[in-house]
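Worksheet: the structure to be examined is printed underneath.
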Amino acid sequence: MFRTPAVAASAAFATSAALLLAGCAGPGPAAPPAPAERPAPERWQSEADSGTLASWALLADPELQALLQRAEAANRDLVQAALRIEQARTQAGLGALRLTPSAGLNLGANRALDPPAPLPASTTRSYGASLGVAYEADLWGRLAALRSADAAQLRAAETDLRAARLLLRQRVAESYWQLAAAREQGALAQQQLQLNRELLAATRLRVREGQLLPIEIDRAAATLQQAEVRLADLQADGAQQRLQLALLLDEAPPGPQLQQPRLPGTVPGTVPGTVPGAEPGTLPTPWRIDADPATVLERRPDVQRARAQVDAALARSQAAEAQRYPGLSFSASLGTGGTAVRDWLSNPVAALAGNLVVPLIDWRRLDLQRDAARTELELAALNLRETVARALVEIETALIDGQRLQQQLAANATRLREAQAAESVAALRLEVGAIARADFLQAQNARLEAEQGRLQLQLRAWLNRGQLARALALT
């Protein structure tokens, strides 16, 4: 027959005491106020009034798009971010188990020697089994708050993956564009090197003829040395960018074999390949942002992570506050045993108990835990405000840099047209014998120098667009 111990009466008393304390305690712990957020401005200060709608599709040609897909499939940073999401999801699953009953099963076997030596010994065996269930009542929402904190940490881990993907796209695009620019500038540098060699030979001849001072030979040699150094630097930059791509794509050095890396065109902001033969130095089309500042901030991973950290800190603060109130848990067990199987059904024991924990002595530790949780909440709120402010400054800075590059490209376009015109005039004067070949070589070198500046400005314009695309969280 079942034997119910006096613990059941204790459970009833504990339940009554908990209800009494709940009535004395009032409505329960009040949640700390959510941190106030600084409102975002209504519009961008440095955005162009008209232009092409900002999009990643305007930045990637087919070869770059293929590189981006390979990088997203193989990059180790993305794999690590995905594993951290799984880790956070597992932790959230473990935390959710706090709200469900826990069960345990125990099995045991004993063997005793009776009577003891030196009398003849006989073996006695007994077996036992017990099943127990325990449950903690979430009277003040502490367990629910801890589950909310775990869910917020999971959201933060998910934003880390999105941030890593945006950063990867920017880094791959930057390495690809720098490799393309090094290739195109290297071709110009090779021409400049050949021109400077011819110019040095012509200068030596004119010095021997008495038309120039000997110091001009040193100047021409220094110019030739600068051309050699520039070509070597461009070749080294290209090799380094290939190594960087190999690292991003998780490939072995020297890196991916690219067919013909190139800057997407002379007009950033247009679809690559749609402006063949465009005038060198054409101004880039301004970007028009597709959303207001508040919408852009909401989709940025760093802002989302900061918001999730605030939610997690707020939930932990609520849990720390709720821990200062009485806790109630229940347990039930059913056990049986005996020396034979028939004894198992004849000697079962059932127990039901309630446990009421009232923090009367440990209040100092609980107060310190509550204060620490509130401090964590304040820090998370300040970090959110700082993240929002930095995001706004980052976007506005990229827009300002884009406008400055447009002005510089406009000035370079004027310089390039003048250099081309001067080269044409020098070619005509060379044909009629009005100038020496060295003067014509100098005009050619000036035009190549202007083209070098154009390519450098175009590279900076595309790097600016890549930075702006990541700042706007474009996908």
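Residues LEU382, LEU105, arranged from fewest to most other Cβ atoms within 10 angstrom of their Cβ, appear as LEU105, LEU382. Of the peptides 241-247, 459-465, 354-360, the order by per-residue mean of other Cβ atoms within 10 Å, starting with the highest, comes out as 459-465, 241-247, 354-360.
Listing ARG89, ARG470, ARG404 from fewest to most neighbouring C-beta atoms within 10 Å gives ARG404, ARG89, ARG470.
Between ARG437 and LEU360, the contour length at 0.36 nm per residue exceeds the Cα-Cα span by 17.8 nm.
Using the alpha-carbon positions of segment 333-377, Rg (one decimal) and Dmax (whole number) come out as 22.5, 62 Å.
Note on ILE435, ILE215, ILE395: ascending count of other Cβ atoms within 10 Å places them as ILE215, ILE435, ILE395, the fewest first. Taking every C-alpha pair closer than 8 Å and separated by at least 6 residues, the mean separation divided by the residue count of segment 370-475 gives a relative contact order of 38 percent. The listed peptides 291-300, 177-186, ordered by packing as a protection proxy, come out as 177-186, 291-300 (highest mean of other Cβ atoms within 10 Å first). Peptides 437-445, 147-155 ranked from most to least packed give 147-155, 437-445, packing being the mean of other C-beta atoms within 10 angstrom over each peptide's residues.
Bear in mind that the values in this text are calculations on the coordinates, not laboratory data. Bear in mind the structure is a predicted one, so any value in this text is a computation, not a measurement. We place every Cβ from the backbone using ideal geometry, glycine too, and count neighbours over all the protein chains shown.
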